[in-house]
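J.: Before anything else, here's the structure in question.
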Amino acid sequence: AELQLLKAQIHPHFLFNTLNNIYSFTLTKSSVASELVQKLSDLLNYMIAECDHSLVPVEKEIQLIKDYIGLEKVRYGDRLDIQMYVNGDCKNCMIVPLLMIPFVENCFKHGASMMRGKQWMHLIININEDDLDFNVSNSKPSQPQKHSGKNGIGLLNVQKRLQLLYPGKHELNIKSTENTFSVYLQ
């Protein structure tokens, strides 16, 4: 029950942000809106239908991240430099669903959405036999921003899930400097 509750807290802000983006495109009658609706539909289908399993293929989780980033690219356009690299063979590798996406969401929520001008996000996923190394870093405002609502629930959620699902079998390092936020997960 606790795992289901934690999993349910992962994606609401993403959903509402994406719906707002699509809404803005519908106002201008942009052809991009239908493409965004399809991408969102695919993401939601995956989250609802496939994430009920205790483990999912790493390939599908990586595709979820790519699709999510694709939706966000539309929102931020050229003002956000996104670099993503996946190294290694992820065929036949399994992982707990929706474990990496909160870190990617935070890059946008607490980084790009809080800044003006050019920002960046770098994501590297290395797969080596039974190990997965996930590194994500992003630019962030040098001054802390005031948030409405719950702050930090995504990170706490992932930490609790890791403790429940990978006790003693994971490493999570989160670092924040004046202008950069980074996460390393193994």
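J.: Past 31 Å, Cα to Cα, is the threshold; run 140/160; 29/66; 29/160; 73/169 against it and keep the listed order.
T.: 29/160; 73/169
J.: Dividing the alpha-carbon Rg of the stretch 36-120 by 2.2 N^0.38 Å yields what?
T.: Normalised Cα radius of gyration, the stretch 36-120: 1.17.
J.: To continue, here is another question. Could you calculate the contour length gain from residue 172 to residue 133, that is, 0.36 nm times the residue separation minus the distance between their Cα atoms, to one decimal place in nm?
T.: Residue separation times 0.36 nm, minus the Cα-Cα distance, leaves 13.0 nm.
J.: If we sort 121-131, 97-107 on the protection proxy, mean other Cβ atoms within 10 Å, highest first, what's the order?
T.: For the peptides 121-131, 97-107, the packing ranking is 97-107, 121-131.
Quick note: the coordinates plus some simple rules give every number you see, no bench work behind them. The shown structure was predicted, so the numbers you read here are calculated from the model rather than taken from an experiment. A quick note on method: Cβ atoms are made from the backbone with ideal geometry, for glycine too, and the neighbour counts reach across all protein chains shown.
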